[in-house]
1. What tally of residues in the stretch 4-33 results from selecting those that are away from the ligand (no atom under 16 Å from the Cβ) and out of contact with any strand residue (DSSP E or B) (no Cβ under 8 Å at 6 or more places or on another chain)?
2. In the stretch 23-51, how many residues are out of contact with any Cys (no Cβ under 8 Å at 6 or more places or on another chain), crowded, with 22+ Cβ neighbours inside 10 Å and at pLDDT 95 or above?
3. Only one residue in Leu57, Leu79 is at pLDDT 95 or above, among the aliphatic types (A, V, I, L, M), within 13 Å of the ligand (Cβ to nearest atom) and surrounded by 14 or more Cβ atoms within 10 Å (Cβ to Cβ). Which one?
4. Across the stretch 52-74, what is the total count of residues that are under 17 Å from Arg11 (Cα atoms) and among the β-branched types (Val, Ile, Thr)?
5. Take the stretch 63-81 and flag every residue that is in contact with a helix residue (DSSP H, G or I) (Cβ under 8 Å, 6 or more places away or on another chain), more than 20 Å from Asp98 (Cα to Cα) and in a helix (DSSP H, G or I).
Amino acid sequence: MTVRIGQGWDRHRLKTGRPCVLGGVLFPDCPVGPLGHSDGDAVCHAVIDAVLGAAGLGDIGGMFPDTDQAFAGADSMDLLRRAWAAVAEAGWRLGNLDVLVVCERPLVGPRAEAMARNLAAALGAGADAVNIKGTRGEGLGPEGRGECVTAQAVCLLEEA
Ligand code: MG
């Protein structure tokens, strides 16, 4: 069986008063949220780059240019479903996906399972194929100062 690995990384500035949506899950009590041309969902963006990379289909900027007003305020889960449609069309299914989210706020752990279920559904996989981890910057760097959220994704695709 042919397998391919892909990685993705994304970072968005956190701004007071922005809705905080990561992995398509709202963190209603979080006073800051990611700033972006779309909804700023750094988790979805990292996952899009991972699956596109594994399939050899380029990257998120090529598929959804941030110069295109069509993607202003876009729902990143919708972008993920569209990216995945191209990957599946190219003959791949998800083996597994592992995502690391680095931020001071929100606290990822309590909603990690909900994020995994969302992402798995968008990727046509069972929730056990997706793992979400949260960690903090311990006061160091922009994540540690609470200025941004950074997401890193690694996926394995299998020949469908
Ligand atoms: Mg992004």
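1. Counting residues in the stretch 4-33 that are away from the ligand (no atom under 16 Å from the Cβ) and out of contact with any strand residue (DSSP E or B) (no Cβ under 8 Å at 6 or more places or on another chain) gives 5.
2. So the count comes out to 10.
3. Result: Leu79 is the single residue among Leu57, Leu79 that is at pLDDT 95 or above, among the aliphatic types (A, V, I, L, M), within 13 Å of the ligand (Cβ to nearest atom) and surrounded by 14 or more Cβ atoms within 10 Å (Cβ to Cβ).
4. Result for the stretch 52-74: 1.
5. So in the stretch 63-81, the residues in contact with a helix residue (DSSP H, G or I) (Cβ under 8 Å, 6 or more places away or on another chain) come out as 63-65, 71, 76-77, 79-81.
Filter again for more than 20 Å from Asp98 (Cα to Cα), leaving 63-65, 71.
Matches in the stretch 63-81: Met63, Phe71.
The values are calculated or read from the model by the stated rules, or taken from the named source; none is laboratory data. Values in this document were obtained by computation on a predicted structure and should not be read as measured data. In this analysis, Cβ positions are derived from the backbone assuming ideal geometry, glycine residues included, and neighbour counts consider all displayed protein chains.
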